[in-house]
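Report on one structure; see the data block that follows.
The values are calculated or read from the model by the stated rules, or taken from the named source; none is laboratory data. Since we're looking at a predicted model, the values are computed, not measured. Using ideal geometry, Cβ is built from the backbone for each residue, glycine included, and neighbour counts are taken over all protein chains shown.
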Amino acid sequence: MHDLNWWKHAVIYEVYPRSFQDSNGDGIGDLRGIFERLDYLVDLGIDAIWISPIYPSPMADFGYDVADYCGIDPIFGTMADFDRLLEQVHARGLRLILDFVPNHTSDQHPWFIESRSSRKNAKRDWYVWRDEPNNWTSQFGGSAWEFDSATGQYYCHSFLKQQPDLNWRNPDVKAAMFDALRFWLCKGVDGFRVDVMWLMIKDDQFRDNPPNPAYRPNMPSNQRFLSIYNADRPEVHDIVTEMRNVVDEFTERVLIGEIYLPVPQLMTYYGKDLRGANLPFNFHLLQCAWTAEQVAQVIGDYYRFLPEGAWPNWVLGNHDQPRIASRIGQQQARVAAMLLFTLPGTLTMYYGEEIGMTNVQIAPEQVKDPAEKNEPGIGQGRDPERTPMCWDATQFAGFTTGTPWLPIGDDHGINVATEHQDDGSILALYRKLIGLRKSHPTLIRGKLSDLHIENNILHYRRSGSEEIQIILNMTHEEKTVQTLPATVIVGTRTGRDGQTVNGLSTLQPAEGLVLLLS
Ligand code: TEU
Ligand code: CA
């Protein structure tokens, strides 16, 4: 594997820091908490940790409203805590990826405080100010423009009004933001996940977006218009390449972009001559219906559009998306894990997926997420997938000794301690599947071939120094499949590992097998 960049054979584990481990009883996860749980992550077998924002923030959007790009919010700890964490992560052979939020700052960032103080201020042009609003909408509902009476102009915010958008056409903004990247890269951070990469720059003529013909009144208000002029603008690629150049001033770092776009547009974020993001996040399994047909289509399309030489990647969940076990059920979540860890590319998982955590129901008075508060009751809230990690079966799941900031899931069987004792748990399956990629490098560098559906079962192969066949039953029925002579190296159910198959085999509902062909 020595000739591959580390991130190409990595499993990345997303930690939502408020919810991973609290170390001081305030009910909110923190850096020391992550530090305390490093052994668990090593044992799980992951390679890199991506931590959602830990910078000083008023927390209007729980850290995605940054007030200082080069600090640590006291809720998460101190810079000394961070340095110690980074050192220990590296000492254990893991990598650390930070979240970078370039599209917007907090309205409490000193840059914005200056910018809004007067039209003549040197930082006025660091943000997007206009005399008149256009029809662009905020992703959290309502207009993307907020009138600021002190100076009589509107500023643009793609998210909350507490998250004013930076003006990336201004060279001073670029320089300041790139210096923030260098600050962390100098410390030894291994890379960045860049928030809303496709939104960073907007139309310089501020043209209105056209109406979305598919819009219906029960849909979130940001879907009323098609985001033609405030997203995925051609100029964004220059910024991404400049960002990549900054990251490449340092060795062995990775640039990952958060991009929600159809596959053809997504692929443009690898950049001309692959000088864009190393990994534009591939979210296409997140919205895909869980059938062999749909999944085969998504996989086929993705690799077909992947530029020559570009490295693929896959994701099953993140802090903005319903949890996979709630979306497709506990049994199919195992099939999804088998799919994820047997596809070519870098894999990113979300904390708790490995124990089958589900969305936790949040009562109206418990809602924290501004997306839900702004447009209640239409499924915009992200609190359900952000609830505390369940470490054990005690009242607060070993997460905190205080009162957790979001409620703990009430399925007390879903926790690390219980599942650790059980060979048949989803946690045991995750450990096996992650380990499999290390013992069978064909899963990392082998070709994907023979992707097809037979009797409603998804089949594909990975071919390299050995031939590995994957068969996944995404239905709720028992199925019969034809197999070549092979040994089961991992099954989603207990008791199949090590068995041999040849000819007709039966797959239980939601059963998947990884077969080593003889
Ligand atoms: O999310 C970007 C984004 O597009 C989200 O609005 C997403 O579509 C939505 O949450 C799905 O329900 C990023 C961060 O991941 C998110 O947590 C932040 O709130 C947002 O940017 C603003 O920084
Ligand atoms: Ca805490």
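Scanning segment 457-478 for residues that are surrounded by fewer than 21 Cβ atoms within 10 Å (Cβ to Cβ) and under 17 Å from GLY329 (Cβ atoms), we see that the one that is nearest to the chain's Cα centre (by Cα) is THR475. Examine segment 381-389 for a residue that is over 23 Å from SER221 (Cα atoms) and more than 24 Å from the chain's Cα centre (by Cα), and state whether such a residue exists. No; the residues of segment 381-389 include none that is over 23 Å from SER221 (Cα atoms) and more than 24 Å from the chain's Cα centre (by Cα). The set of residues in segment 368-377 being under 22 Å from the mean Cα position of the chain (by Cα) and either surrounded by fewer than 19 Cβ atoms within 10 Å (Cβ to Cβ) or hydrophobic (A, V, I, L, M, F, W, C) (or both) consists of LYS368, ALA371. Hey, could you check segment 188-223 for residues that are surrounded by 15 or more Cβ atoms within 10 Å (Cβ to Cβ) and among the basic types (Lys, Arg) and say which is nearest to GLY93 (Cα to Cα)? Within segment 188-223, the match that is nearest to GLY93 (Cα to Cα) is ARG193.
Every residue, every condition in (1) within 16 Å of ligand 1 (Cβ to nearest atom); (2) under 26 Å from VAL315 (Cβ atoms); (3) not β-branched (Val, Ile, Thr), yes or no:
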residue: ASN24; (1), (2), (3): no, no, yes
residue: ILE54; (1), (2), (3): yes, yes, no
residue: ALA60; (1), (2), (3): yes, yes, yes
residue: ASP65; (1), (2), (3): yes, yes, yes
residue: ILE75; (1), (2), (3): no, no, no
residue: ARG84; (1), (2), (3): no, no, yes
residue: LEU98; (1), (2), (3): yes, yes, yes
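For segment 1-52, the candidate set comprises residues that are of a type in the set (S, T, N, Q) and away from ligand 2 (no atom under 12 Å from the Cβ); within that set, the residue that is nearest to ARG253 (Cα to Cα) is ASN5.
Condition (residue is within 16 Å of ligand 1 (Cβ to nearest atom) and touching a helix residue (DSSP H, G or I) at 6+ places or on another chain (Cβ under 6 Å)) applied to segment 141-151: is it met by at least one residue? Yes, because at least one residue in segment 141-151 is within 16 Å of ligand 1 (Cβ to nearest atom) and touching a helix residue (DSSP H, G or I) at 6+ places or on another chain (Cβ under 6 Å).
Among the helices (runs of 4 or more DSSP H) confined to segment 384-493, the ones with at least 1 residues that are under 21 Å from VAL11 (Cβ atoms), basic (Lys, Arg) and at pLDDT 95 or above are located at 426-439. The C-beta contact set for segment 69-82 (first residue acidic (Asp, Glu), second residue assigned to a loop (DSSP other than H, G, I, E, B), distance under 6 angstrom, 6+ apart or interchain) comprises ASP73/PRO56; ASP73/SER57. Here SER57 fulfils each of the conditions (1) away from ligand 2 (no atom under 16 Å from the Cβ); (2) more than 17 Å from the chain's Cα centre (by Cα); (3) among the small types (Gly, Ala, Ser) apart from (1). It is to be established whether one or more residues within segment 131-140 are over 29 Å from TRP50 (Cβ atoms) and polar (S, T, N, Q). Yes, segment 131-140 contains a residue that is over 29 Å from TRP50 (Cβ atoms) and polar (S, T, N, Q).
One line per residue, one yes/no per condition, for (1) surrounded by fewer than 24 Cβ atoms within 10 Å (Cβ to Cβ); (2) without any contact (Cβ under 8 Å) to a residue 40 or more places away in the chain:
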site: ASP3; (1), (2): yes, yes
site: TRP7; (1), (2): yes, no
site: GLY27; (1), (2): yes, no
site: LEU31; (1), (2): no, no
site: ASP43; (1), (2): yes, no
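The number of residues in segment 77-126 that are within 16 Å of ligand 2 (Cβ to nearest atom), under 24 Å from the mean Cα position of the chain (by Cα) and under 22 Å from MET177 (Cα atoms) comes to 1. Among the residues of segment 94-116, some residue qualifies, meaning at least one is within 30 Å of ASP148 (Cα to Cα), basic (Lys, Arg) and touching a helix residue (DSSP H, G or I) at 6+ places or on another chain (Cβ under 9 Å).
Residues in segment 340-361 that are within 13 Å of SER326 (Cβ to Cβ) and in a loop (DSSP other than H, G, I, E, B) were compared, and the one that is nearest to ligand 1 (Cβ to nearest atom) is ASN359. How many residues does segment 287-337 contain that are more than 19 Å from GLU385 (Cα to Cα), assigned to a helix (DSSP H, G or I) and touching a residue at least 60 places away in the same chain (Cβ under 8 Å)? Number satisfying all stated conditions: 8. Please specify each residue of segment 483-499 satisfying the condition of being among the polar types (S, T, N, Q) and surrounded by 13 or more Cβ atoms within 10 Å (Cβ to Cβ). THR483, THR487, THR492, GLN499 - these are the residues of segment 483-499 that are among the polar types (S, T, N, Q) and surrounded by 13 or more Cβ atoms within 10 Å (Cβ to Cβ). Considering only residues in segment 230-273 that are in contact with a Phe, Trp or Tyr (Cβ under 7 Å, 6 or more places away or on another chain) and in a loop (DSSP other than H, G, I, E, B), the one that is nearest to PHE100 (Cα to Cα) turns out to be GLU258.
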